[in-house]
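Trainee: Pasting a structure below so you can have a look.
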């Protein structure tokens, strides 16, 4: 069994075409030591906590100086306190290295915190795409409205309208005809069953895939 230093340093150096010599160590150590406790280098993976493992993964990801990182549910398995630490770490790295993240998550409050622009997907289809605050403050797709209405609010004095969907989610290997959301949408009609809606710009770079994007009633959703 290898320590993290034995596992990480040779692989990171070889992937950029460098030998495991002094010439490659500063390239790796500069990023790794900055974001990860140096003591972790000489510990085995099973000796690390979930948060420590996540920091190691982040350090390995940035060791090659990338411009674009895909973060797929990066804090899902962590508790709230560690999750916030990891998110703050990723935000600091983003600013320092001028990175772009593609952040994939089901945690909408986290998405709002870390994102500049948000795409809402349902069964692989983009239902709505907009700047973060525009989407959270004025959702125009019925699926987006339903998602945002389900965000818990600890303030009992504020009223928000919960959107309850009908039926169950279809199988992703047997998609419905027309709009993929029509089997659960409260506003769906025959046109929705026949025609797939275009992802159209309703203004200001706010894109919505819905035949009735302009005529849907706005709902009161608390997302703060």
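Laboratory data are not the source of any read-out in this text; all were calculated from the coordinates shown. As the structure is a computational prediction, the values presented were derived from the model and not from experiment. Positions of Cβ are generated from backbone atoms using ideal geometry, with glycine treated the same way; all protein chains shown enter the neighbour counts.
Trainee: For the pair residue 202/residue 131, report the inter-label distance in nm, with labels modelled 7 Å from Cα in the Cβ direction.
Mentor: 1.6
Trainee: In nm, what is the difference between 0.36 nm times the number of residues separating residue 212 and residue 107 and their Cα-Cα distance?
Mentor: Here the segment from residue 212 to residue 107 would lengthen by 35.1 nm.
Trainee: Quick one: P(r) of segment 65-224 from all Cα-Cα pairs, 5 Å bins, percents rounded to integers, in order of increasing distance.
Mentor: Calculated over all Cα pairs of segment 65-224, the distribution is 1, 8, 16, 19, 18, 16, 11, 7, 3, 1, 0 percent.
Trainee: Taking the Cα-to-Cβ direction at residue 88 and at residue 48 and moving 7 Å from each Cα, how far apart do the two end points lie in nm?
Mentor: 2.1
Trainee: On to the next question. Provide the gained length on full extension for the span residue 77 to residue 121, in nm with one decimal, where the gain is 0.36 nm per separating residue minus the Cα-Cα distance.
Mentor: Result for the pair: 13.7 nm of gain on full extension.
Trainee: Between residue 190 and residue 153, what's the calculated FRET efficiency when r is the beta-carbon distance and R0 is 30 Å? Round to 0.05.
Mentor: FRET efficiency, residue 190 to residue 153: 0.25.
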